[in-house]
Amino acid sequence: MKKIVLVLSLLVAGLLFAQVNRLPAATGRTDQPDFTQQANLALRRTAHHLLREAGDSTSRIPAVQQVHAATFQIRLDHALNYKKLPALLQQSLALYALDDPYDVAVLDCTAGTVQLGYTVTDLTQRNDVPCVGRDQQPGCYTIRVSFTGRESKKEPLVPWGLWIAGFALSGGAYMVWRKSSRTTHPALLTKSLPAASAPLIQVGNLTFDVLNQTVDVAGQSHALTYREAKLLHLFLRHPNQLLARDFILKSVWEDEGIIVGRSIDVFVSRLRKHLQPDPNLHIVAVHGVGYRLEVRV
């Protein structure tokens, strides 16, 4: 097994090197500064139009904060028209030639908790942005935009030889680690669960059909995506327990080889919307730690 892992890692590293080596030497050297500036301008334009929608044409637009390399946020101290946000932001990003996939989270300024959120696919493919149309309390909100495809566009800063060696070693170690972690912690949900594997989970007024990935809450049924079903399954297996963000990410996303950043907040927001009909079920955020499914039954 170790030999197979090593051979596969070296093969992937070689193919990647051959592909990247075809690019010009200067590729990516000026991309990040231009991207940062364009993202800053796009968010400021969005904030400007949101303020105008709120009837404010005189307040100073606050500075855009760069939280991480591909994550930006801007604070609005006035009422936020969430219904207008998706179209305005998409229009601003297109104006500044930013076509990267992205996630949006709207946070409460004081507590830092996620109040609303969506992904660009909700807008462009499903045409169904979560939480649009819900009543919103006046207050301070922070709009955070995470460009999920940006990390892959960065140019490595280490010599090619060391980069390839590190890639091969880390790839082999990762595959071995995944194998051992799956042996210790079986996957919570797979795309082909056996028929005898607890097809229904009932908590209060909620009934979760694991096999069909549907949830019924107080008579309202919803079809879940694969990741939504995995996340709900994780919460239902740990009711009233605080789950750290890293634990949630590894449990729900890592078996697909994908680690996402703020997407967890978007999926939690979707589940909260599904659970609304049952007042005894609520997913609460613990700032800086993670989430807990509170079951009051």
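The values are calculated or read from the model by the stated rules, or taken from the named source; none is laboratory data. These numbers come from a predicted model, not from an experiment. FYI the Cβ positions are ideal-geometry reconstructions off the backbone, even for glycines, and counts take in every protein chain you see.
On inspection, residue 132 passes the criterion of being touching a Lys or Arg at 6+ places or on another chain (Cβ under 8 Å), assigned by TED's automatic domain parsing to the domain that holds residue 35 and either over 14 Å from residue 267 (Cα atoms) or not hydroxyl-bearing (Ser, Thr, Tyr) (or both).
Among the residues of this structure, residue 89 counts as one that is at pLDDT 85 or above, in the same structural domain as residue 130 (by TED's automatic domain parsing) and among the hydrophobic types (A, V, I, L, M, F, W, C). Taking the residues in the stretch 102-131 that are in contact with a Pro (Cβ under 8 Å, 6 or more places away or on another chain) and in a helix (DSSP H, G or I) as candidates, determine which candidate is surrounded by the most Cβ atoms within 10 Å (Cβ to Cβ). Only one residue fits best here, namely 120. Say whether the condition of being in a loop (DSSP other than H, G, I, E, B), in contact (Cβ under 8 Å) with a residue 12 or more places away in the chain, touching a Pro at 6+ places or on another chain (Cβ under 9 Å) and among the aliphatic types (A, V, I, L, M) is met by at least one residue in the stretch 72-79. Yes, the stretch 72-79 contains a residue that is in a loop (DSSP other than H, G, I, E, B), in contact (Cβ under 8 Å) with a residue 12 or more places away in the chain, touching a Pro at 6+ places or on another chain (Cβ under 9 Å) and among the aliphatic types (A, V, I, L, M). Taken as a whole, the condition of being within 19 Å of the chain's Cα centre (by Cα) and surrounded by fewer than 17 Cβ atoms within 10 Å (Cβ to Cβ) applies to residue 66.
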